[in-house]
Amino acid sequence: MVDALAPFVTTVTPWIGHVMSLILLLPVASFLILVVFGKKMGERSSYVAISAVAASFLLSIIAVLFVMGGGRAELSFTWLSVGDFHPTFGLLLDPLSAMMLIVVTLVSMLVQIFSVGYMHGDKRIGWFFACLSMFTASMLLVVYSPNFAETYIAWEGVGVFSYLLIGFWFEKRSASQAAKKAFMVTRVGDLGFAIGLILLYVVAGTLDMNKIFGMDLQAPLAALIAILIFCGAVGKSAQFPLHVWLPDAMEGPTPVSALIHAATMVAAGVYLVARSYPLFEMGPVSLEVVAIIGTITAFIAASIALTATDIKRVLAYSTVSQLGYMMMGLGVGAFAAGMFHLFTHAFFKALLFLGAGSVIHAVHSQEIHDMGGLGPRMKITSLTFIIGGLALAGVPPFSGFWSKDEILLGAYTSGHTAIFWVGILTALLTAFYTFRLIFIVFFGKPRGHHVDHVHESPPVMSVPLIILGTLALVAGMVGSPYLGHFFQVFITNSHEVEHANMFVMGLSIAVAITGIFAAWLKYGTRLLPSGVISKDNPIYKLLVNKYYFDELYYYVLIKPTHAIAKYVLSFDQKIIDGAVNGVAWVSTKVGSGLRQIQTGYVQNYALYMLAGLIVLIIWSFKILGVY
C-alpha cells in the first residue's frame, strides 16, 4: 500500500484549517459574486475571478509547505443523519491532495489570465468567468474529499460546469451537441461509479476513505467495487471505450479546452484511481484492468492523432493518449509515476492548448492546413509551443521525458512486457504527430488568407505561455534522479523508488528522436513524396474516421434507442393518452347533450317536470300491479 494513502491519525491545526477552507471558498465566492453582478461588470468580471484563484494558489503553496514539513490535516463534520447513515463532509490535506491543489489553482489562474485577451468582447464574459470559478471549485472539492459520498457530489459538479463551458457558445449547434455528448457519455461511467459506491456502502457500512482503506475486504469483492469505481474514471478521463466525447469538447472556447484537458476534469479520473489506490490493491485484478484499458486508450488515441487536421483535435487526442499513459502507470503499480505524469502533463498540455488558442486568435482558423510559416510572425507562441511539443514527445530534459520514462520503467520492471512495448510504440507515434503539427503550423510557407496579417498575441495571452513554457521545461526535474526523485518521495511518503534503467531510458529517447526525425522528413523538408501515405489506404481511412467508434455507437446504441423511444412515444400518445382522452371525450359529449335541456325557459322546465311525473306514475302503477 502507498504509505501516503494509508489511514492516519488526523492532526488539526487551526490556522491550516482556515487555509484549507479559503482555498475552496474563494472560487465559490467568486462564482456567487459574478452570478449576481457579472453581467453589469462585463470585462471587469475577470478581476474577481483571477483574484480569487490567485489567492487560492498562494494559499495552496502554504498548504504544500505544511505537508512538506510532515503535516497532515482533515476537517470533518456530519452533514446528514438518516438512520444509521451519517455521511460526513470534510477537507483532507495530504501529499496527494496538496500536489493537486498546486496544479489545479496554478493552471486555472494562468488559463483565466489568458482568457482576458481571448474572450475580450464576448457579451457573456461575466458568466464565462463565473463558470470557470465554479468549475475550479468543483475540482478542488474532488481533490479535498475524504469520503466517497462527497467525492461523488463534487464529481457531478465538475460534470455540470464542464457541460456549461463546453456549450458556452450554444448558438452554434456543434457546441450544444458537443456539450450534450460530453454530459451523456460521462453519465454512463458515472452510473458504474454510483453502483460501486452503493455496493461499497453495503459491504463496508461506510463511505469514509480512512475507514475503508483500513479494512481487509475479500479480493474478488474489492476488485469488483474498484472496477465499478474505475468506470467513473473511464468516463471523466475519456478512457476507451468512453473516449469519444473529449475531441468534440473542443467546440468550447480554447481556454476551456486548456482547463478541461490539463488540470481539472480529465485529471479527475486519474486522481480518483490514485486516491482509491488502496482499494484497488485489495483486488489486484482491478489494477490489471486499469493497465489494459489505459494501454489501449494510449495507443488508439495516438494513432487517431496522426491524421487529425484540426489543431485542437490533435491536442485533444493527445490528451486522451496521455491520460491512457497515466492509467497505464497506475495499473502496472507505478503509482508515483502515474501521478508524476499527471503533474508534468498539466503544464505542457495547458501550454499547448493556450498556444493553439494564440494561433487561432491570430489566424481565425483551427485547420492546420490554413496555417504555416507562423514561427517568424509569432515568436513567443512558436517557441513556447515547441517547448511544450518537446515535453509531450518525451525529449530530455523537458518535463514529459522524466514522467513518461518512469511509467515505461514501471511497466518494464513489473513484467508487463506487452504493455511496455505498446507504450514504446505510443511514444513513437506521439513524437511524430506532435512535430507533424509543429512543422505544418510554424514552419514552411504561409498558407491561408489570414496569414499575412498574423501578429503575436498581446502580453495578457503571451505571459501565461512563457510561465507554462518555463514549467514545461523544468517541472520534470522535481522527479528526476538529480533531485533524488523528490516528487516520488513526497507523493508516496517512501524513499523506495525505481532507479534509472539505461535500456529503458535509451529506448525512450531513441523513439522520441525517431518520431521527430520522421515528422521532419515528411513535413519539414518535404523529402518524402506527398503520396507516401495514400488517403485511399484502408488504415488511413480507419484512422481518419476514428476507428468508426461514433458510427458504431450511433447504429448500435443511439439509433435503436431512438427507435424504441419513438415506439414508446406512439404507445403513450395513442394508448395511454388515448384512453384518458377518450374518457374526457365521452364526458364532453354527455355534457354537451345535457346542456341542450338547459334552455332557461320556465315552460320547458314545467314540461320536463310533467313528463317526469307521468313516467313516475306509470312506474308506480307497474310496481303496485295496477296493470
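The values are calculated or read from the model by the stated rules, or taken from the named source; none is laboratory data. Just so it is clear, the structure is predicted and the values come from calculations on it, not from any experiment. Note: ideal-geometry Cβ built from the backbone for every residue, glycine included; neighbour counts use all protein chains shown. The accessibility values were calculated without ligands, DNA or RNA, using every heavy atom of the protein model including side chains. Shrake-Rupley method; radii C 1.70, N 1.55, O 1.52, S 1.80 Å.
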Over the chain, average the accessible area per residue using a 1.4 Å probe and give it in Å², no decimals.
-> 42 Å²
Got the relative contact order for the stretch 363-486 handy, in percent, Cα pairs under 8 Å and 6 or more residues apart?
-> 45 percent
Ordered by packing density, taken as the mean number of other Cβ atoms within 10 Å over each peptide's residues, highest first, how do 213-223, 355-365, 410-420, 58-68 rank?
-> 355-365, 410-420, 58-68, 213-223
Given Cα pairs under 8 Å that are at least 6 residues apart, what percent is the relative contact order of the stretch 120-221?
-> 24 percent
Work out how much length residue 417 to residue 585 would gain on full extension: take 0.36 nm times their residue separation and subtract the Cα-Cα distance, in nm to one decimal.
-> 53.2 nm
For the chain, what's the relative contact order in percent, using C-alpha pairs closer than 8 Å and at least 6 residues apart?
-> 12 percent
Projected area averaged over orientations for the stretch 176-285, convex hull of C-alpha atoms, nm² | 6.9 nm²
Restricting attention to the alpha-carbon atoms of the stretch 262-420, what are Rg (one decimal) and Dmax (integer), both in Å?
-> 16.6, 55
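Which length gain, in nm to one decimal place, applies between residue 82 and residue 510 when the Cα-Cα distance is subtracted from 0.36 nm times their residue separation? Before the final figure, lay out each step's value.
On the way: separation 428, 0.36 × 428 = 154.08 nm, distance 5.96 nm.
Taking residue 82 through residue 510 to full extension adds about 148.1 nm, to one decimal.
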Using a 1.4 angstrom probe on heavy atoms only, work out the carbon and sulfur share of the accessible area of the stretch 356-417 in %.
-> 62 percent
Taking the Cα centre of each part, how many Å lie between the stretch 237-263 and the stretch 57-79?
-> 30 Å
Evaluated at q = 0.08 Å⁻¹: base-10 log I(q)/I(0), Debye formula over Cα of the chain | -0.58
R0 = 22 Å: FRET efficiency of residue 198 with residue 156, Cβ-based, nearest 0.05?
-> 0.90
Leaving out same-chain residues fewer than 8 places away, which lysines sit with a Cα under 30 Å from that of residue 39?
-> 123, 172, 180, 181, 312
Would you please state which residues of the stretch 596-612 a label at residue 619 would reach in this model, taking the label point 7 Å out along Cα→Cβ and a backbone N cut-off of under 17 Å?
-> 608-612
How much of the accessible area of the stretch 1-141, in percent, comes from carbon and sulfur atoms when a 1.4 Å probe is used?
-> 71 percent
Give me the distance in nm between label points sitting 7 Å out from Cα along the Cα-to-Cβ direction at residue 191 and residue 565, one decimal.
-> 1.3 nm
With every protein chain in place, what's the accessible area of residue 567 (1.4 Å probe, Å², nearest 10)?
-> 150 Å²
In whole Å, how far is the Cα centre of the stretch 347-402 from that of the stretch 604-622?
-> 98 Å
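By how many nm would the segment from residue 474 to residue 15 grow when fully extended, if each residue of separation counts as 0.36 nm and the alpha-carbon distance is taken off? Don't skip to the end; give the middle numbers.
Numbers: separation 459, 0.36 × 459 = 165.24 nm, distance 3.19 nm.
Full-extension gain reported as 162.1 nm.
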